[in-house]
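Everything below concerns the one structure shown next.
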Amino acid sequence: MTDLTATSYGYSDGDVDTNRSTAITLNELADQRFSRRQTLRGGTAIVAATMGASMLAACDNNDSPSDTPPITAEPGETIATSSGRVVKLTGATTGTTNQSWIQIEGPVVTLDGASTANASFLAPSASAPTRFVFRYIVSNTNNSYHDTTVNVSPAALGFTAVAKNKLDVVTVPTGYKVQVINRTGDPVLAGVPAYKNDGTDTNFAGRIGDHGDALYWYGLAATGTARDATSSTRGLLVQNHENINIQYLHPNGPTNNTTAGPRPEAEALKEIECHGVSVTEYSQNAARAWTFNQASTLNRRITPNTPVVFNGPVKGSDLIKTAYSTDGTKGRGTINNCANGTTPWGTAITCEENWAGYFRRPSADVAGRTPKELTSLNRYGVTTTGNFNWATVVPADATNTTFARWNATASGASAIADFRNEPNQFGWVVEIDPYDATKAPRKRTALGRLGHEGCWPGAFVVGKKPAWYMGDDSRREYLYKFVSATAWVAADATAADRLATGDKYLDSGTLYVAKFNADGTGAWLPLVFGQSGVTASSTVYPFADQADVLVNARLAADVVGATPMDRPEWTAVNPVTGEVYLTLTNNNEAGRPLTGTDAANPRHYNDPKGTTAQFGNPNGHIIRLKETGDTTEATSFTWDIYLFGAGSDLDAANINVSGLTADQDFSSPDGLYFSRSSHAGGQVKPLLWIETDDSAYTDVTNCMLLAAMPGTVGDGGARTITNKDKNGVTATQATRVGAAPTAATLKRFLVGPVECEITGIDSTPDGRTLFVGIQHPGENGTPAAPSSHWPDSQTGTPAATVRPRSAVVVITKDDGGIVGL
């Protein structure tokens, strides 16, 4: 690895141009122009165009009277740049003149400062080289002008790759800045005091939760609470809070967390409230810094205790009735919220992932259970004593069931006398209106009950039924798609009642699961009661109706023969091609043995961590698919593997199959996000951002964020891999591999602090601000000896006992351009 010198925002490896071109460089052109001085009447004039840190300038002298402006300017001055970069046009004279810039050729751009000597613009998206001409006008006794030509090429990655490192800071490329916001414990609601970060703080229902995960920006109008989806300067940041670093939430760690209990009520309440979702209002000031508005009425926490309602086919089912919800229509909260989704009508989608482990259900809980119930409980992993022992709390108010609900034991006379069905109230996709805190979140049961990682939408095409793509985050689970029963109507994007619009598109439709064939084709298999063996006579699980199918979607997927994947996590959809990308984070030896590989999950190998062997697929891969006919309604697709995670030093033929270099290598891809289509980074050839959640490669580097510009499904070809197990036995596996990345199409953009996960990412609509989540830094430390001090370590050297906190980093480019370009 390369050992970097720590700085506040990054490192510098010199003035290296990584966007190489055969065109004349800025510095060469500047040298030429400075050597060809022209005489201008009226004094000294400088006309320049700059992009980032490079400058093109022509300096012309004149011995004529100072009150006479120049007659002519040197013709043919040309510079080259690419989409998404800032171009500065600078003209200055020493005489008393009026100066301005106008555009005279090319697609119209917005010229900032056009009526002054110094103007600038953001190079727009271009699918081919495009010529722009700008005229610098000096008005005095006589008028003169000088034309500058700017040739704009399609967008390209515009930064030097960040080297792997194990620093306790967020490292970004030279030319970028980092601001930290939304730290664990920061106040959300008005009147909540500042966080002391010593374990004594309370009221997390009014604070930022722990383990910040997926996030999304929802724009606001300049004033008030109205939605403005185009706003890049004021809006709401909606973020998930997946889990907790329990040791840092209490002065000396938790009490009775790993024993039979009882847990203290105050401790358990704090831990519960740290989960869920936060909604916070931010605005950007003139200096491009972001400010939180604690007084905003839109600020909000949604915790596992927040009232929610059920919608869709499972609403009212006996399977979700409890002592709290005797009619099966309501519930309390959301938990282990991991990845996310969004809708064009302006709502947030949050997903309940590893929820099963929160429930206490001892092995003796068999009496009174039917074989069918036990099959369901075992398939979803509701078989533990509860991760945090919340069910052992004896509340001060005996009628308070906040803690008893986490005990899934069948202890009462019926399901409405206990919480045996409480696990069935989790594992759903949840829709939230971030602009209206008066409306309860809605659990959309038509999308199935899983260990939902995320739920990302495909393209919305008028007259076509929209779809959402979902990974089930566990080893050997599946990829799903929900296709709405309702075709898209463009006017619904601005509907006044956003959750009612969600009812229209998300409460009725078909849930599918993916089967990947060896020849690079695949099929979406419907999970519909009465079809493909999903019946009451199934020997795997006897389904009663469609509600039963959706509550037990994993079992239905087993029945129809879906392809078990290497831990399917985030999905992302290319906004130009519509192709769907899925991270397959990793698998172990048991989950992907030598004899258990397939074309879509083709590797079994060892990537040792120190002296510890790691067999299976410890580094993961990213698969992608192209819907037949390029429509979300398709029931078949083609696929290939876009990237294989691996260290650059591993076997190039069979492990580092994508040929990753030291600037590109990664392990355990998790978060996945295409840039928004509202700016140049999400047009023509959109940027794909890849986040890692790794333990296999952390002896070499902390987790990271990479930027990529992928091609398309089928741009590579067939490949046969030779796998080897711990006994030296080999086996071959045929697969489909995408085109290998190059230095121009994949590079590392960010490395996080010690023991963190990089997760959660979005930008403002203009692409000039990128929000990235930094989760659980220092997760292996103790209150007395934290193993990270981030985010305090980002800008200084904190005391050795300062506790780490999850947070969001706001990344901007020094010159104001689009991040990554």
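Only beta bridges with both residues in the chain are counted; by DSSP, about 90 percent of them are antiparallel. Calculated on C-alpha atoms, the gyration radius of the stretch 324-396 divided by its Kirkwood radius gives an Rg/Rh of 1.05.
Once C-alpha pairs closer than 8 Å and six or more residues apart are averaged by separation and normalised to the residue number of the stretch 750-821, the relative contact order reads 32 percent.
Expressed in units of 2.2 N^0.38 Å, where N is the residue count, the Cα radius of gyration of the stretch 448-580 is 1.10. Shape summary of the stretch 727-821, radius of gyration then Dmax from alpha carbon positions: 19.1, 55 Å.
Dividing the convex hull volume of the alpha carbon atoms of the stretch 531-677 by its residue count gives 154 Å³ per residue. What do you get for Rg/Rh of the chain when both radii come from the Cα atoms and Rh is the Kirkwood radius? Ratio value, two decimals: 1.01. Working from label points 7 Å from Cα in the Cα-to-Cβ sense, the SER508 to ALA718 distance is 4.6 nm. With all pairs of different C-alpha atoms in the average, the Kirkwood value for the hydrodynamic radius of the stretch 266-328 is 15.1 Å. Cross-link candidates for LYS439: which aspartates and glutamates have Cα within less than 15 Å, leaving aside residues fewer than 8 places away along the same chain? In chain and number order, the partners are GLU431, ASP497, ASP503.
Restricting the chymotrypsin sites (Phe, Trp or Tyr not before Pro) of the stretch 226-332 to loop positions (DSSP other than H, G, I, E, B) with no more than 11 neighbouring Cβ atoms within 10 Å leaves nothing. Taking 0.36 nm per residue of separation and subtracting the Cα-Cα distance, full extension of the segment from ASN118 to ASP318 would add 65.1 nm.
Rg and Dmax of the stretch 660-799, based on Cα coordinates, read 18.4, 54 Å. With both labels modelled 7 Å from their Cα along Cα-to-Cβ, the ALA734 to ALA437 distance reads 5.9 nm.
Cβ-Cβ distance of THR635 and SER283, R₀ of 51 Å, FRET efficiency by 1/(1 + (r/R0)^6): the value works out to about 0.65.
Mean projected area of the Cα convex hull of the stretch 416-472, taken over all directions, amounts to 6.0 nm².
Distance distribution P(r), the stretch 155-253, all Cα-Cα pairs, bin width 10 angstrom from 0: 12, 28, 35, 20, 4, 0 percent. For the stretch 579-644, the Cα gyration tensor yields ellipsoid semi-axes of 30, 11, 7 Å (square root of five times each eigenvalue, largest first, whole Å). Find which of ALA396, ALA348, ALA446 sits farthest along the positive direction of the dipole of the stretch 316-457, computed with +1 on the beta-carbon of Lys and Arg, -1 on that of Asp and Glu, about the Cα centre. The residue sitting most towards the positive pole is ALA446.
Measuring nothing but alpha carbons in the stretch 207-293 and taking Rh as the Kirkwood radius, the Rg to Rh ratio lands at 1.16. Separation of the stretch 189-203 and the stretch 533-611, taken as the distance between their Cα centroids, equals 41 angstrom. Shown for the chain: the carbon plus sulfur share of the solvent-accessible area, taken with all protein chains present and a 1.4 angstrom probe, equals 52%.
Here the relative contact order of the stretch 417-554, from alpha carbon pairs under 8 Å that lie six or more residues apart, stands at 20 percent.
Based on Cα contacts under 8 Å between residues 6+ apart, the stretch 213-332 shows a relative contact order of 19 percent.
Taking the C-alpha atoms only, the angle from helix 371-380 to the longest principal axis of the chain is near 30 degrees. Annotation: amide H-H contacts under 5 Å for ALA734 (H modelled 1.01 Å from N, sequence separation of 5 or more, or interchain): ILE721. In the stretch 688-755, one over the average inverse separation of all distinct C-alpha pairs is 14.7 Å, which is the Kirkwood hydrodynamic radius. Solvent-accessible surface of the chain, averaged per residue with a 1.4 angstrom probe and all protein chains in place: 35 square angstrom.
Please state, as a whole number in µm²/s, the translational diffusion coefficient that the Stokes-Einstein equation yields for the stretch 227-381 at 37 °C and 0.692 mPa s, with Rh defined as the Kirkwood radius across alpha carbon pairs. For the chosen part, D equals 174 µm²/s. In terms of overall dimensions, the C-alpha atoms belonging to the stretch 378-470 reach 53, 35, 26 Å along their principal axes, ordered largest to smallest. Across the stretch 536-601, the fraction of Cα-Cα pairs farther apart than 15 Å, rounded to a whole number, is 67%.
Name the shape class, rounded, prolate or oblate, that the alpha-carbon gyration tensor gives for the stretch 490-565, where a ≥ b ≥ c are the square roots of its eigenvalues, rounded holds for a/c under 1.5, and otherwise prolate holds if a/b is larger than b/c and oblate otherwise. Oblate, since a/c reaches 1.5 and b/c is not below a/b.
The values are calculated or read from the model by the stated rules, or taken from the named source; none is laboratory data. Note that the coordinates shown come from a computational prediction; the quantities given were computed from them, not determined experimentally. All Cβ positions, glycine included, derive from the backbone under ideal geometry; neighbour counts span all protein chains shown. Protein only, heavy atoms only, side chains kept; ligands, DNA and RNA dropped before computing areas. Shrake-Rupley method; radii C 1.70, N 1.55, O 1.52, S 1.80 Å.
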